[in-house]
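Before any comments, here is the structure.
The values are calculated or read from the model by the stated rules, or taken from the named source; none is laboratory data. Since the structure is predicted, the reported quantities are computational estimates derived from the model, not experimental observations. Note that each Cβ is placed from the backbone with ideal geometry, even for glycine, and that neighbours are counted across all protein chains shown. Just so you know, the surface numbers come from the protein's heavy atoms only, side chains and all, with ligands and any DNA or RNA stripped out. Shrake-Rupley method; radii C 1.70, N 1.55, O 1.52, S 1.80 Å.
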Amino acid sequence: MHARIDAIYRLSFAIVGDEADARDSTQETFIAAWRRIRELRDPDRFDSWLQRIAVNAARMTLRARGRRRVREIPSGDVARLATMSDQATTELADPDLLGAALDRLPADQRTILVLHHLEGQGIAEMAEVLGIPVGTVKSRLHSARDALHAALAAEARRL
Amino acid sequence: MTQPDWDDDRLAAAFRARFDRPAPPTVSRTIHGAIAGTSPARTDIFWRVPGLGLAAAAVVAVLIGTVAVGLGLFGRSGGAPLASGSGVVPSAIATPTEQALPGSVLDLPIITVSDAIVIRDAGADDRELAVMGWFTPALTGLRCVPPAPVSPVELDCGDSSIWLTHQAESLIHRTATTREVSAPAGPALKPFLDVLDQSWQPADLGIGANGDSTPTDVVFIGHFDDRRAALCLDAEQAACRDRFVVDSVALVEGSPQPRSVMRYVPPTSSVADIESIVANEAPQSPILSMVIIDGNDARLTELEPTLAKAAQVRLIKLPILWVVRVLESERATTYIVVDGTDAIYEMNSEGEPIHVGGTTGDPEVTLGPWPPDGAVIIALTSPVGANDPPVQVAVVDESGRLTGVAEKGAADPSTWRFDGRFGAYAEPGRPGRVHLAWVGGICDSRITVIVADDLGTITFDMGPQPDCDSLGVGRELVLDFDGSVNVPAIEIRDVADALAPVATSPAYQLDCGPLGPDTCEQQAAALVAANVKASPTKRIVSITFTDECMSNTVIFDDGTGMTASIDCILP
């Protein structure tokens with residue numbers, strides 16, 4: 001049980017970038033899946049179906065966040081943030097740089113990057129999860145990677 | 001500290017380090033707490049999911065142990081009269097006329113027109129409903145010239161008399177010289193059943209010797225909020241969504257009806273063949289109706305407008321198709337099976353055919369041998385797979401105005417933005433030049449680009465696409481014509497998508513300067529929207545943001561420009 005919840009939580013966390021939102025989004029995902037299980041026609045596609053629900057829940061969470069002003073600092077980041085001032089900026093770890101860069105990207109780009117780089121999904125899998133044609137996945141991933149590299153460069157310059 | 005470039009390995013490691021952490025224990029507890037006591041759907045499905053693990057199973061266990069599961073979604077009582085002698089299993093549902101009513105059809109509880117209206121008005125809901133009511137058919141012989149339908153579910157003048165009413169009402173009244181149609185006095189629906197066998201309908205509209213029509217009591221299986229309603233004009237959207245789209249005529253005068261199989265063309269496959277193919281994709285799901293039609297038959301518009309449109313613009317050559325409506329998980333799913341093969345496609349919610357099974361047959365026939373006669377061939381230098389030759393592009397000019405083809409022009413494509421897979425851009429100062437940009441794959445080998453005779457459409461055929469799970473590769477092409485070209489108006493299509501258009505081509509070059517991507521795109525969209533109102537005849541070809549206050553320079557397609565210098569206090 002925990003393995004599956006963990007997987008959805010990881011996906012949600014990476015898309016929304018916030019632990020509290022990820023908790024909400026994960027809960028929404030499983031509750032929605034329970035209510036909509038009749039829509040699942042092929043049990044072999046359960047994981048893709050569940051991920052699709054998770055992605056949509058995460059997007060909704062991001063939209064809702066637009067109306068909020070206070071964000072929770074992930075507990076795992078508190079210690080890092082506390083010591084960050086002691087570090088040379090050039091020593092900022094990749095994960096932190098990545099997190100900051102992802103914050104610059106729109107939800108759709110974050111989502112496709114997470115599916116590819118974190119979940120290790122190929123084009124066809126992403127197309128199924130996102131419910132879009134393969135060609136569109138290629139196009140969006142291409143744009144998202146460009147945007148991420150630009151954002152990483154911008155973050156590196158800023159620091 | 002020197003870091004390597006952000007390659008895939010480094011990115012993946014950073015993603016894992018940043019986000020791969022377990023869910024807090026409260027998440028699991030909250031999920032259990034939220035679900036327990038609610039109505040689940042199909043309770044056995046979790047148990048049948050291979051390798052599902054304990055996540056959902058534990059949830060199911062909680063529910064089985066604590067609640068009584070009620071699967072009935074409707075549980076409504078009958079309201080309208082039905083004729084007796086139906087021959088189906090009677091239920092305990094009583095009606096005002098105290099006649100025995102069939103309790104369900106295909107496991108769908110039979111409801112009244114009034115009940116259906118309640119469901120319809122409760123919000124978007126495309127579940128299949130079995131609705132009993134009184135049917136008055138469409139008038140025949142009406143002399144009306146409706147506008148070309150944009151969606152089959154749009155009402156036209158021929159639908160003026162067609163109704164499914166809650167109570168038996170006589171709606172058509174004939175005299176020696178006239179036929180009058182009155183509106184129903186009680187609850188009623190506008191059914192759509194144009195693509196079903198209608199031989200069951202009464203002759204002469206059911207009009208008796210007294211000149212008044214007598215409605216037919218029926219049970220229809222159908223749905224509201226049909227996906228094809230999205231094709232209706234804005235003003236018709238609500239009426240289209242409210243149309244009760246009938247997928248099966250279940251009962252007429254209480255008698256079960258055979259499944260509707262409309263044969264517009266003789267097929268090679270048998271009904272049993274198609275049943276078997278569909279059953280592989282949708283096991284234990286009843287077929288509601290079948291239509292066999294030539295893919296180039298104009299009547300395909302009534303079935304699947306998106307397929308028909310693609311065929312009409314010669315993007316695809318469709319063979320004979322079986323259009324099969326299936327009742328799956330309380331909803332109607334449409335499958336397209338290519339006659340004589342086992343190739344099966346599922347129409348998704350956007351009206352796109354998605355290949356879901358079968359190994360032979362392909363309705364997406366490309367436009368002939370390659371390269372086509374008279375095509376201009378150019379080899380691209382953009383990336384291809386290791387040891388593969390360059391990508392070759394054949395440009396077919398049906399306009400007769402093409403004067404040159406090149407891979408690159410003066411404009412820098414790195415700042416172009418497009419929402420879809422393709423984009424077309426003007427080059428400032430070169431009114432006859434069209435830059436094309438698209439995202440291809442590493443395995444592209446030969447591509448055909450067809451310029452339509454009116455220069456309004458450019459069609460891409462990406463050629464053979466092996467199973468190549470590659471990332472997108474940006475490619476570009478420059479076309480020169482002998483005069484000015486309205487680039488923003490060009491519609492770009494992709495043969496493989498079998499749909500048009502694939503990109504609306506916002507068609508402006510965007511330089512974000514110091515702005516972040518979100519802010520940049522939002523501000524650019526606002527500028528475009530403002531321009532549409534202020535100067536509808538001029539199109540923006542480039543937007544450049546020059547500072548963090550969003551100062552900008554906008555260039556229009558007529559060569560004019562506008563600079564806005566904005567002062568602000570930066571944090």
Worksheet entry | Rounded FRET efficiency, nearest 0.05, which uses the C-beta distance separating B:T175 from B:T519 and R0 of 51 Å | 0.15
Worksheet entry | Convex hull (Cα only) mean projected area of region B:198-281, reported in nm² to one decimal | 9.0 nm²
Item to complete: List the residues of region B:267-303 whose accessible area drops by at least 20 Å² when all protein chains are present, compared with their chain alone, using a 1.4 Å probe and counting only protein heavy atoms.
Response: B:E281
Discussion item. Suppose each label sits 7 Å from its Cα in the direction of the beta carbon; what would the B:D204-B:D453 distance come out to in nanometres?
Written reply: 5.1 nm
Practice prompt. Please give the FRET efficiency for B:D212 paired with B:V118, using the beta carbon to beta carbon distance and R0 = 35 Å, rounded to the nearest 0.05.
Written response: 0.75
Discussion item. Just to check, using Stokes-Einstein with a Kirkwood Rh over alpha carbon pairs, what's the diffusion coefficient of region B:240-290 at 10 °C and 1.306 mPa s in µm²/s?
Written reply: 121 µm²/s
Item to complete: Grab the beta carbon distance between A:R36 and B:A230, set R0 = 30 Å, and tell me the FRET efficiency rounded to 0.05.
Response: 0.90
Fill in: Net charge over other residues, Cβ less than 11 angstrom from the Cβ of B:G432 (K, R count +1; D, E count -1)
0
Response to the item:
Averaged over residues of A:20-32, the number of beta carbons from other chains lying within 10 Å of each residue's Cβ is 4
Fill in: Residues of region A:1-38 with amide N under 13 Å of the 7 Å Cα→Cβ point at A:D103
A:17-19
Practice prompt. Please give the net charge around B:S160, taking every other residue with its beta carbon less than 11 angstrom from that of B:S160, where Lys and Arg add +1 and Asp and Glu add -1.
Written response: -1
Discussion item. List, by residue number, every residue in region B:7-24 with a reduction of 30 Å² or greater in accessible area between the chain on its own and the complete protein assembly, 1.4 Å probe.
Written reply: B:D8, B:L11, B:A14, B:F15, B:R18, B:F19, B:D20, B:R21, B:A23, B:P24
Discussion item. Counting just the Cα atoms, what span does region A:89-159 cover along each of its three principal axes? Round to the nearest Å and put the largest first.
Written reply: 41, 18, 15
Worksheet entry | Solvent exposure ordering (accessible area, 1.4 Å, most first) of A:R59, B:R421 | A:R59, B:R421
Worksheet entry | Solvent-accessible area buried by B and A, counting both chains, probe 1.4 angstrom, square angstrom | 5800 Å²
Worksheet entry | Full-stretch length increase - B:C549, B:V271 - with 0.36 nm per residue and alpha-carbon distance subtracted | 93.4 nm
Fill in: Heavy-atom surface of region B:142-294, accessible at 1.4 Å and reported per residue (Å²)
45 Å²
